[in-house]
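This report concerns only the one structure given below.
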Amino acid sequence: MTDRKYPPRIVAAAAGFLCLLVYLRTLSCGFVNFDDPLYVLNNGMIRELDTELLAKAFGGSHAGFWMPLTWISLALDYHFWGLNPLGYHLTNILLHAVNTMLVVLIADSLMQQRQVPEINCSKTVLPDSPRTGTGSEGLKYPLILLLAGLMWGIHPLRVESVAWVTERKDVLNGLFALSSVLCYLAYVRAKLAGKPFRSAWLMSLLLFACSLMAKSVSVVLPVVLLVLDFYPLERAGRESIGRLIVEKTPFLLLSLLMSILTVALVADSNVLIPYDVFPLGQRLLVSGNAVFHYCRLLLFPLGILPLYPFPGQLPLSFTLATIITVVTLGACLAVVRARPWITALALCFLLPLLPALALFQNGDQIMAARFTYLPSVAPCVAVAMVLCAKAGKTGVWQQQALAAAFATLLLIYAGISFHLIGYWKDTGSYWSRMIELKPIGRAYSDRGRFYLEKGRYAEALDDLGRAAEIASSVGMPEVFNLYAIRGEALARLGRHEEAVLEFTNAISLFPAPAYFHHRGLSLMALGRKVEGEDDLRRGAAEPGPIIWYKAE
């Protein structure tokens with residue numbers, strides 16, 4: 001393999017293609033009942049590609065967030081595919097493959113513009129012309145770039161962002177955010193070379209704005225660019241800090257506007273948990289624990305959960321994990337002069353995580369694999385930069401052993417990711433994975449409702465019974481829903497006497513008309529005509545299917 005024969009754009013295409021192969025399995029996956037109904041199945045806004053869609057997408061929020069480009073993207077899928085999940089998954093994996101290509105190009109741009117860290121000394125050294133010199137011997141430069149892209153693209157932590165239709169916002173945001181970074185690097189390169197650079201800066205700003213319109217998580221990107229200015233670009237040593245900040249002012253203003261808009265919309269939707277309910281001290285412990293486990297899963301991606309629910313009480317392990325996180329972060333910041341690459345790496349990993357940490361808690365999850373989509377780019381690029389610096393400085397057998405180790409690692413990543421994709425096949429497999437690893441009540445409840453829809457009434461009955469037991473034990477106020485849904489499953493099985501008891505339990509807690517209607521049907525089936533007719537009269541207002549009611 002020669003560097004001229006395999007320029008970075010060819011390596012990027014290869015990385016994207018290999019990533020695409022790993023995720024082809026998602027084309028056999030369907031929708032899941034965790035947010036997919038809200039985003040696609042029951043979302044009337046995406047049904048037409050017209051001016052009304054644009055007005056709704058740009059003029060207000062949906063699902064508690066303002067992300068017009070995501071809704072337009074889903075509307076395009078609906079236009080071509082209807083509710084066939086294959087098309088939605090195809091778009092997701094294509095976007096992710098392109099993002100993998102962008103990671104390769106970002107790694108190449110950084111290594112061509114700056115000095116690469118030498119781990120074993122306090123200084124930094126520039127590798128000898130990575131594409132043509134000694135640095136490309138042994139561990140070939142194209143292979144190093146390929147490693148950077150694939151370590152990120154096929155890592156098991158990416159599966160949730162790619163295999164879940166709802167996370168279109170993740171891969172779409174990644175497309176624009178990573179493109180913005182790449183254009184910013186092109187701007188810096190052109191500026192240093194004395195070439196026209198304003199168009200690259202404007203394109204970076206425009207792409208950043210688009211990333212915000214796909215998902216607001218990239219609000220921290222301007223600060224990440226400032227970190228890159230510090231290291232590895234080392235612009236802070238050539239230009240004043242004030243000038244660099246002024247250069248980022250339009251980016252920062254967009255971030256400020258998006259932050260204000262997001263907080264306002266989330267506050268209106270009552271998704272944001274107030275501090276009097278979730279105090280700052282607990283938020284810090286949950287955040288520290290999350291960062292610790294994100295790092296752990298980045299290194300050892302085993303046991304990734306589909307859902308990380310909020311614990312009833314914070315265990316001691318949260319405190320220990322937070323202490324380790326704080327000490328490690330402090331150490332990374334303390335070596336800013338001796339090893340600036342460590343400080344920059346820590347910040348480029350942590351900053352994109354901030355919007356998803358418990359400091360801004362807006363749901364009942366303490367962490368999620370999808371939140372690592374952008375933060376994981378920095379570690380993967382850093383690995384490539386370190387290898388580039390070390391290439392040619394060790395013996396051939398050592399380089400071959402290292403290459404074999406990384407090849408094995410990539411195969412393991414691909415195998416785990418391929419396995420995890422299978423759990424996104426449908427709602428049943430998704431919640432079965434959760435029950436296998438962490439059997440919470442919601443998992444049994446949602447899987448039971450899925451089985452009920454599929455006519456698997458006996459299995460539904462078992463799951464709903466287990467869900468009701470868990471809900472009752474924790475004092476869940478909406479347990480009446482589970483009684484009613486169990487009643488429906490029993491009625492479908494012809495066990496009407498038991499169904500009547502379940503509907504009666506539900507009515508005692510929440511006298512919904514629909515419950516009377518369905519109890520009346522079971523009473524009529526038992527020949528108890530007078531009682532049945534009375535219930536049917538009381539339930540005439542809602543004779544339809546049983547839905548999930550919120551506790552009053």
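Just so you know, all these numbers are worked out from the coordinates, no wet-lab data involved. Since the model is a prediction, treat every value here as computed from it, not as a measurement. Reconstructed Cβ throughout: ideal geometry from the backbone, glycine too, with neighbour counts over all protein chains shown.
The angle between the Cα long axis of helix 241-268 and the longest principal axis of the Cα atoms of the chain comes to about 0 degrees, rounded to the nearest 10.
Per-peptide packing, taken as the mean over residues of other Cβ atoms within 10 Å, places 156-169, 403-416 in the sequence 156-169, 403-416 from highest down. Amide H to amide H distances under 5 Å link H62 with M67, where only residues 5 or more positions off or on other chains count and H is placed in the peptide plane.
Over the stretch 439-538, Cα pairs under 8 Å with separation of 6+ residues give a relative contact order of 19 percent.
Each Lys and Arg Cβ is given +1 and each Asp and Glu Cβ -1; about its Cα centre, the chain then shows a dipole of about 2120 debye.
Against the main long axis of the alpha-carbon atoms of the chain, helix 68-81 sits at an angle near 70°. The order of S317, S61, S473, going from fewest to most other C-beta atoms within 10 Å of their C-beta, is S473, S317, S61. The residue among G242, V223, I260 whose Cα reaches farthest toward the positive pole of the charge dipole of the stretch 134-281, with charges on the beta-carbon of Lys, Arg, Asp and Glu, is G242.
Reported to the nearest whole Å, the Cα centre-to-centre distance from the stretch 512-543 to the stretch 17-93 is 39.
With contacts taken as Cα pairs under 8 Å at a separation of at least 6 residues, the chain carries a relative contact order of 17 percent.
Determine, for R9, R235, R456, the number of other Cβ atoms within 10 Å of each Cβ, and report the residues in order from fewest to most.
Arranged by neighbour count, lowest to highest, R9, R235, R456 become R9, R456, R235.
Which entries of K195/K390; K5/K390; K140/K215 show an alpha-carbon separation above 30 angstrom in the structure shown?
K195/K390; K140/K215
A simple packing score, the average count of other Cβ atoms within 10 Å per residue, orders the peptides 179-187, 213-221, 241-249 as 213-221, 179-187, 241-249, with the highest score first. Between the listed residues L18, N173, F480, the Cα displaced farthest toward the positive end of the dipole of the chain, a dipole computed from Cβ unit charges relative to the Cα centre, is found at L18. Against the chain, whose longest principal axis is taken from its Cα atoms, helix 8-23 shows a tilt of about 20°. For the pair the stretch 347-362 / the stretch 394-417, the C-alpha centres are spaced 31 Å from each other.
Loop-located GluC sites (Glu not before Pro) across the stretch 376-484 with a Cβ neighbour count of 16 or fewer within 10 Å are E478, with loop assigned by DSSP. For the chain, the gyration tensor built on C-alpha atoms gives a prolate shape. Its axis ratio a/c (a ≥ b ≥ c) is at least 1.5, and a/b is the larger of a/b and b/c.
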